[in-house]
Each structure stands twice: as structure tokens, then as C-alpha cells.
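Every number in this text was worked out from the coordinates using simple rules, so none of it is lab data. Keep in mind the model is a prediction, meaning the values are calculated, not measured. Ideal geometry is used to build each Cβ from the backbone, glycine not excepted, and the neighbour counts take in all protein chains shown.
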Ligand SMILES: C[S@@+](CC[C@H](N)C(=O)[O-])C[C@H]1O[C@@H](n2cnc3c(N)ncnc32)[C@H](O)[C@@H]1O
């Protein structure tokens, strides 16, 4: 085995730069999926995303960035849309593919780093971020926002469902409206169309945690 491949094989981050969350926990995201469902992995799509979908909010090719075990992507794909879910956690992707097989839903799941979505070489009319942005520190957000912009069609729509700071009982890493609006604005290629209070369901809170559902248009 060459020294280079040995290094990559031993690297739990697969050669990519660990995110702030991974540096904080000392573990790759994949580890969250090793011992049963992760706290956010509720075994069904998030009600807020189901609502967006039933209101016709998803159109064209859809990207689910940080798809986890795929419940949201599977729900949108079950409506007949073309969906790609990406994640850095191979274990989550394997679970998502198995669900797709079991449910007979046509959907694509692939390993990809949300900081380098341009490497997909594809563009999407609708992009979903359910619980990914809020895992990034403020210094990581500009790179992620630019990466999202690189794959979103002109006038495409990005939905962000993230923990909000509008308590009580906020989830980890809550984000303020002001932070959302600072990240997505015309200078970064985006226009925030709406930020509505909502909930993110989790396995550890009966009625979930306060969230923002942001609808953001690509300029
Ligand atoms: C809080 S979980 C949400 C998962 C899923 N969207 C859901 O609602 O169940 C965040 C997900 O983002 C993934 N993730 C974290 N950093 C990532 C990155 N740089 N690129 C792609 N996925 C990432 C994690 O592996 C994890 O599956």
C-alpha cells in the first residue's frame, strides 16, 4: 500500500477538512450513525418539509444537502421529483439507499462535501438544507453559502430549516434571523424571501425545538 493511500484509508474524514462540529466532537459525522438513530433521525420527514412539499414548493431537480438517512429526500422523491441527497456520512447514505430500495422509491444518494457542491457538476432548481447550516460555525458559513450558490439555478429556491434562537428550549447551535439574513443576501447571490418560525422535530424533545424555515431565492 502506498504511503498516500495508507494515509487516506486511515483518515476518518476521507481527505476533507473536518467541520467545526467534527473538530468539537473529535469524531467524523459518520460516527453519529453507528449506534442506532441519531437525535435528529426521526424516521420520517420533518413536518415543515412535508408542508413545503404539499404546497408545491419543490420543483425541477432537487438537491438535499446533508440528507442524513434520507427521509426528506425520500418524501420529495415519492412525489415524483428527481432528487439527489448528499452527505459525508457513508453509513447514513447506506441506510438511505436501503430505505429507497425497501420503499421502491427512485432517488439518488451520493457522498459529497457540502463545501464543494460544485464538484457534483450539476445544477438544481430546488435545494433543501434541513439541519445542516446550523451545524456550521459563522466562519464556515460563507464557504457553504457560496457552494450552495454554485449549484442552484438562477431564480431557484433554497429552503433552510434550522434551529432558531427564539426559545424557550432552543436546540444546539441556534441561529438568529439576523445571522440567516447576513449569510444570504444579494452580495452572496441570494435574496431571503421569507423567514417563518417553525419547529424541528427531534428524538429528544416531545414537540421538537424552535426553528426557522427560510425560503431563499437564488439571484
Ligand atoms: C443534523 S444532521 C441532519 C440530517 C438530515 N438532513 C435530517 O434532517 O435528518 C446533519 C447532516 O449533515 C451531514 N453533514 C455535515 N457536514 C457535512 C458536509 N460538509 N457535507 C455534507 N454533509 C454534511 C451530517 O453527516 C448529517 O447527516
What number, in percent, do you get for the relative contact order of the chain if the mean sequence gap of Cα pairs under 8 Å and at least 6 apart is divided by its residue count? 18 percent
With a cut-off of 8 Å between alpha carbons and a minimum separation of six or more residues, what is the relative contact order of region 114-219 in percent? 29 percent
Return the calculated 222 nm mean residue ellipticity for the chain, to the nearest 500 deg cm²/dmol, obtained by summing -39500 (n - 2.57) across DSSP H runs with n ≥ 4 and dividing by the residue count. -8000 deg cm²/dmol
Extension gain residue 98-residue 51, at 0.36 nm per residue separation less the Cα-Cα distance, in nm? 14.4 nm
Which of rounded, prolate or oblate describes region 157-219 when judged by the alpha-carbon gyration tensor and an a/c cut-off of 1.5? prolate
Give the distance, in whole Å, between the Cα centre of region 186-201 and the Cα centre of region 131-168. 8 Å
In terms of the Cα gyration tensor, with a ≥ b ≥ c the square roots of its eigenvalues, is region 65-219 rounded because a/c is under 1.5, prolate because a/b exceeds b/c, or oblate? oblate
What order do you get for 205-214, 96-105, 154-163, 63-72 when each peptide is scored by the mean count of other beta carbon atoms within 10 Å, highest first? 63-72, 154-163, 205-214, 96-105
